[in-house]
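Peer 1: Got a structure for you, questions after.
The values are calculated or read from the model by the stated rules, or taken from the named source; none is laboratory data. Worth saying up front: this structure is predicted, and the values here are computed from it rather than measured. Neighbour counts are summed over all protein chains in view; Cβ atoms, including those assigned to glycine, are modelled from backbone coordinates with ideal geometry.
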Amino acid sequence: MAHLISPSLLSADFGNLQRDIEMINKSDADWIHLDIMDGLFVPNISYGFPIIQLVKKHAKKPIDAHLMIVDPDRYIDDFYKAGANILTVHYEACNHLHRTIQKIKSLGMKAGVSLNPHSPVHLLSDIIADVDLVLIMSVNPGYGGQKFIPNAIERIKELKKLISDKKSKAQIEIDGGVDNTNAKILVDSGCDVLVSGSYIFKSENQIETIKGLKNLKF
């Protein structure tokens, strides 16, 4: 299956958010990535439910919500009501991860789990068969525009083997510093979904930049 592109709105122009969403709608992108930050789990705050509802109103692509927040169970129902199609929580933020994943799936959303750069892939061994997606952080979460951590490539390969060994159907998503210098090797290593923010939104031709990530032609 061809890899997917999920542009991160964290790097969009919030003064022209509808315009940027409509650009994604017209592009070869597959999902719209939302980085939800609470200032506690990560040292930054992004946006809340009014913005998510605004995005949903204009989006023609699935909403890929990545929760970088403590105790995400408090808000699962709210994210469902706001329009999230894919909901990813952090392994490091969940006391009862299996229960959290089951709750997300019970509402009809795809359930994902994310790992920070320092968290070993093998921690997912007991949950990998239950999730729809694993998001590997290739930067330390909290801010856009950070430099890609090269070790993420080996982590993707390790995760791909774990998925195969456990007969899981989970997709692998990568988030952080994804651009034309690493997109191909990430896909070749087993990545299914590329999240890219500043590389797309700071480019002169965003539609063509997304097309390049989709076709791996730069």
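Peer 1: Between a first residue in region 198-213 that is in contact (Cβ under 8 Å) with a residue 24 or more places away in the chain and a second residue that is part of a helix (DSSP H, G or I) and acidic (D, E), which pairs have beta carbons less than 9 Å apart while being 6 or more apart in sequence or on different chains?
Peer 2: F201/D20; Q206/D20
Peer 1: Restricting to region 14-47, give me the number of residues that are under 15 Å from the mean Cα position of the chain (by Cα) and part of a strand (DSSP E or B).
Peer 2: Filtering region 14-47 down to residues under 15 Å from the mean Cα position of the chain (by Cα) leaves 29-37, 46.
Keeping just the survivors that are part of a strand (DSSP E or B) gives 32-37.
Residues flagged as under 15 Å from the mean Cα position of the chain (by Cα) and part of a strand (DSSP E or B) within region 14-47 amount to 6.
Peer 1: Take the residues of region 50-66 that are surrounded by 15 or more Cβ atoms within 10 Å (Cβ to Cβ) and either touching a residue at least 40 places away in the same chain (Cβ under 8 Å) or not aliphatic (A, V, I, L, M) (or both): which is nearest to L135 (Cα to Cα)?
Peer 2: First pass over region 50-66, keeping only residues surrounded by 15 or more Cβ atoms within 10 Å (Cβ to Cβ): 51-52, 54-56, 58-59, 61-66.
Keeping just the survivors that are either touching a residue at least 40 places away in the same chain (Cβ under 8 Å) or not aliphatic (A, V, I, L, M) (or both) gives 55-56, 58, 61-62, 64, 66.
Details: V55: 21, K56: 22, H58: 25, K61: 19, P62: 16, D64: 11, H66: 9 Å.
In this case the residue turns out to be H66.
A quick yes/no check of all residues on (1) of a type outside the set (V, I, T); (2) without any contact (Cβ under 8 Å) to a residue 40 or more places away in the chain; (3) touching a helix residue (DSSP H, G or I) at 6+ places or on another chain (Cβ under 9 Å); (4) under 11 Å from L135 (Cβ atoms):
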position	(1), (2), (3), (4)
L159	yes, yes, yes, yes
S164	yes, yes, no, no
K167	yes, yes, yes, no
I174	no, yes, yes, yes
N180	yes, yes, yes, no
A183	yes, yes, yes, no
D192	yes, no, no, yes
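Peer 1: Here's a check for you: in region 173-218, which residue that is of a type in the set (F, W, Y) and more than 23 Å from L115 (Cβ to Cβ) is farthest from the chain's Cα centre (by Cα)?
Peer 2: F218
Peer 1: Quick check on this structure: which one of P50, P117 is assigned to a helix (DSSP H, G or I), of a type outside the set (A, V, I, L, M) and at pLDDT below 95?
Peer 2: Working: P117 fails: assigned to a helix (DSSP H, G or I).
Step by step, each of P50, P117 is checked, and only P50 is assigned to a helix (DSSP H, G or I), of a type outside the set (A, V, I, L, M) and at pLDDT below 95.
Peer 1: Here's a follow-up. So, of the residues in region 72-114 that are touching a Phe, Trp or Tyr at 6+ places or on another chain (Cβ under 9 Å) and assigned to a loop (DSSP other than H, G, I, E, B), which turns out to be farthest from D38 (Cα to Cα)?
Peer 2: First pass over region 72-114, keeping only residues touching a Phe, Trp or Tyr at 6+ places or on another chain (Cβ under 9 Å): 72, 75, 78-79, 81-82, 85-87, 90, 92-93, 97, 104, 107-109, 113-114.
From the residues that got through so far, the ones that are assigned to a loop (DSSP other than H, G, I, E, B) too are 85, 107-109.
Details: N85: 20, L107: 23, G108: 24, M109: 22 Å.
Checking each candidate, the answer is G108.
Peer 1: Scanning for something farther than 19 Å from L159 by Cα and surrounded by fewer than 20 Cβ atoms within 10 Å (Cβ to Cβ), does region 85-92 turn up at least one residue?
Peer 2: Checked region 85-92: at least one residue is farther than 19 Å from L159 by Cα and surrounded by fewer than 20 Cβ atoms within 10 Å (Cβ to Cβ).
Peer 1: Of all residues in region 1-13 being polar (S, T, N, Q) and over 15 Å from L87 (Cβ atoms), which is nearest to the chain's Cα centre (by Cα)? Talk me through it step by step, then tell me what you get.
Peer 2: Looking only at region 1-13, we keep the residues that are polar (S, T, N, Q), and these are 6, 8, 11.
In the following step, the residues that additionally are over 15 Å from L87 (Cβ atoms) were identified as 8, 11.
Details: S8: 8, S11: 14 Å.
Checked region 1-13; the qualifying residue nearest to the chain's Cα centre (by Cα) is S8.
Peer 1: Counting just the residues of region 154-170 that are closer than 15 Å to V121 by Cβ and not in a helix (DSSP H, G or I), which one comes out farthest from the chain's Cα centre (by Cα)? Even if it seems obvious, please write down each step before you answer.
Peer 2: First pass over region 154-170, keeping only residues closer than 15 Å to V121 by Cβ: 154-166, 168, 170.
Imposing the further condition that a residue be not in a helix (DSSP H, G or I) reduces the set to 166, 168, 170.
Details: K166: 22, S168: 19, A170: 13 Å.
That would be K166.
Peer 1: Which one is modelled with the lowest pLDDT, of the residues in region 193-218 that are surrounded by fewer than 20 Cβ atoms within 10 Å (Cβ to Cβ) and not in a helix (DSSP H, G or I)?
Peer 2: The extreme case among them is F218.
Peer 1: Here is a further query. Report the residue count in region 121-153 for those that are more than 17 Å from the chain's Cα centre (by Cα), surrounded by fewer than 16 Cβ atoms within 10 Å (Cβ to Cβ) and either on the phi > 0 side of the Ramachandran plot or modelled with pLDDT of 95 or more (or both).
Peer 2: The qualifying residues number 5.
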